[in-house]
Amino acid sequence: MTPKRNCRYVPLDKKPLVLVLCQVRFSPVRKMADYIPAIQEEFRRQGFPIERAGKIQQLTITPAGVHATEQERWEYRTKDELWSVTVLQDSVVLQTTAYEKFEGFAERLERAVRTVLEKTEQNEFGLVQRVGLRYIDLVQPREGEDYRLYLRPGFHGIADEVFRAGSHRLHVESVGHTAVGDTEGTMIVRVVQNDQGFDLPPDLVGGAPRHASRAQAGELATLIDMDQFIEGKFDPDAGWVVARAYEMHDLLIETFHNHVVTEKAIKVWQ
């Protein structure tokens with residue numbers, strides 16, 4: 001049965017959305033490099049012909065301290081470089097800066113996850129351990145407006161006059177448990193400001209698909225970072241993953257409209 005949305009769809013001509021990503025983490029495949037040729041060929045046929053391979057550093061915190069390890073990564077991009085799929089030995093991540101509707105995103109997610117699970121035989125011998133969906137929006141008030149007109153009161157922070165003029169920077173975070181089908185999930189909603197010209201959180205800047213930056217150095221940028229995920233030991237089924245992604249999407253969208261941004265913001269963006 002094909003999943004479908006159970007939330008509103010409100011098209012926005014002036015989209016605040018910068019990036020959408022979904023990460024699916026699975027039990028490690030230490031010999032991932034052996035499967036990459038078959039994975040690359042399938043991604044090429046799916047419209048991801050650009051390959052970028054390299055290594056990343058991962059930090060692990062243990063009682064003995066912090067340990068840094070290197071891990072190989074393989075990234076595949078569309079011709080316009082607005083979509084990317086990244087494969088590591090324990091995860092696959094789909095990202096885009098050209099998001100239109102979740103239905104199209106979900107189709108590419110299903111193909112990417114199915115490709116990696118099947119080519120590595122994880123669909124028979126592995127486990128899915130985490131599914132996470134994340135949306136990054138940029139609030140840029142019009143001239144003469146304050147960012148608080150776009151955010152619900154819970155994300156306003158304290159009054160500017162407490163601080164030296166022009167120095168107040170917001171960092172507000174809400175976190176709690178959610179229900180994703182019959183699985184317990186976690187949602188984190190952050191509102192963070194900077195004036196360095198970043199329109200993405202620091203952890204996403206280096207690996208993001210191509211996009212024209214809308215934030216300017218010296219101007220206040222307000223980022224809405226919404227992240228929801230489930231963790232556990234799940235059957236390695238791409239269809240199941242996409243069904244859970246739909247459920248997380250629905251709750252994120254309704255939370256965005258009802259509890260994060262104002263009605264005025266939606267009218268401005270329409």
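Given the criteria modelled with pLDDT of 95 or more, surrounded by fewer than 18 Cβ atoms within 10 Å (Cβ to Cβ), within 30 Å of Tyr150 (Cβ to Cβ) and out of contact with any Leu (no Cβ under 9 Å at 6 or more places or on another chain), does Glu41 qualify?
Against the criterion (modelled with pLDDT of 95 or more, surrounded by fewer than 18 Cβ atoms within 10 Å (Cβ to Cβ), within 30 Å of Tyr150 (Cβ to Cβ) and out of contact with any Leu (no Cβ under 9 Å at 6 or more places or on another chain)), Glu41 does not qualify.
Looking at Arg148, Arg130 in this structure, which one is at pLDDT 95 or above, surrounded by 13 or more Cβ atoms within 10 Å (Cβ to Cβ), under 23 Å from the mean Cα position of the chain (by Cα) and outside any loop (DSSP other than H, G, I, E, B)?
Result of the check over Arg148, Arg130: Arg130.
Could you list, in sequence order, all residues of the range 78-122 that are in contact with an Asp or Glu (Cβ under 8 Å, 6 or more places away or on another chain), surrounded by fewer than 20 Cβ atoms within 10 Å (Cβ to Cβ) and closer than 19 Å to Arg210 by Cα?
Ala98
Kindly provide the set of residues from the range 219-241 that are part of a helix (DSSP H, G or I) and buried (at least 23 other Cβ atoms within 10 Å of the Cβ), ordered by number.
The answer is Val241, and nothing else.
Could you check the range 181-229 and list, in sequence order, the residues that are under 13 Å from the mean Cα position of the chain (by Cα) and of a type in the set (S, T, N, Q)?
Within the range 181-229, just Gln228 meets the criteria.
The values are calculated or read from the model by the stated rules, or taken from the named source; none is laboratory data. Everything numeric in this text was worked out from a predicted model, so none of it was measured. Virtual Cβ from ideal backbone geometry, glycine too; neighbours counted across all protein chains shown.
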